[in-house]
Amino acid sequence: MKNMPKRFKHRKVQKGTIRGNATRGHTVEFGEWGLQSLQAGYLTSRVLEAGRVAANRAAPGSRITIRVFPHKPVTSIPAETRMGKGKGEPEYWVASIKPGTVIFEIGGADESHAKLAMNRVAHKLPVKCRLVQRRVR
């Protein structure tokens, strides 16, 4: 698997629900521009990798930062298996996203390249996103 934790305490976890807005990771910290989610959802490790590749191709030489990591395993039972017999094996890993979470950041690129790169990334994500600029403190 591409992007997964090296070590984890529990191999299988329950689904749970995503409630509320992001209280951490909701501001641009590492770059000048960020891609902020407007919906809750799960981002698979494959989606994050596709976004990283798209951003690097759209804005070469800039600094791309991925602010989320897929910590949550998603399990599934093989096809054509009868009911029962317990929970399935972990198939892939996802990052749980709340509304307001900054997913990608870009630095070292001018405004036009940053907008182009983040637009390419946003098309690959399963949640609605918006481009945000870093606040001057």
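Just so you know, all these numbers are worked out from the coordinates, no wet-lab data involved. If you're wondering where the values come from, they're calculated on a predicted model, not measured in any experiment. Here the Cβ positions follow ideal geometry from the backbone for every residue, glycine too, while neighbour counts run over all protein chains shown.
Taking amide H atoms as placed 1.01 Å from N in the peptide plane, the amide H of Cys129 lies under 5 Å from those of Leu38, each 5 or more residues away in sequence or on another chain. Put simply, when 79-87, 19-27, 47-55 are sorted by average Cβ atoms within 10 angstrom per residue, most first, you get 47-55, 19-27, 79-87.
Could you quote the convex hull projected area for segment 70-126, Cα atoms only and averaged over all directions, in nm²?
6.2 nm²
Using every pair of distinct Cα positions in segment 1-77, the Kirkwood expression returns a hydrodynamic radius of 14.9 angstrom. What the phi angles of segment 51-57 give under the Karplus curve with 6.51, -1.76 and 1.60, with θ = phi - 60°, is a coupling list of x, 4, 5, 5, 5, 5, 6 Hz, glycine and proline written as x. Projecting the Cα positions of Thr44, Val13, Ala54 onto the charge dipole of the chain (unit charges on Cβ atoms of Lys, Arg, Asp and Glu, taken about the Cα centre) puts Val13 furthest along the positive direction.
In percent, rounded to a whole number, the relative contact order of the chain is 42, using alpha-carbon pairs under 8 Å and six or more apart. Residue-wise HN-Hα couplings along segment 69-86, as the Karplus relation 6.51 cos²θ - 1.76 cosθ + 1.60 with θ = phi - 60° gives them from phi, are 9, x, 9, 9, x, 10, 9, 7, 9, x, 5, 6, 10, 5, 5, x, 6, x Hz; Gly and Pro carry x. Using percent of Cα pairs over 23 Å apart as the read-out, say which of (1) 35; (2) 39; (3) 63 was calculated from these coordinates. Label of the calculated value: (2). Taking 0.36 nm per residue of sequence separation and removing the Cα-Cα distance, the Met4/Asp110 pair yields an extension gain of 35.0 nm. Pairs over the 28 Å Cα-Cα cut-off, from the set Lys9/Lys85; Lys9/Lys124; Lys12/Lys98; Lys9/Lys128; Lys6/Lys115; Lys87/Lys124: Lys9/Lys124; Lys9/Lys128; Lys6/Lys115; Lys87/Lys124. For segment 23-54, the residues whose backbone nitrogen is under 17 Å from a point 7 Å from the Cα of Ser76, taken along Cα to Cβ, are 42-48.
Straight-distance candidates among the aspartates and glutamates for linking to Lys15, with alpha-carbon spacing under 17 Å and chain neighbours fewer than 8 residues away dropped: Glu89, Glu91. Using Cα centres only, tell me the gap between segment 30-98 and segment 9-28 in whole Å. A separation of 13 Å, based on Cα centres.
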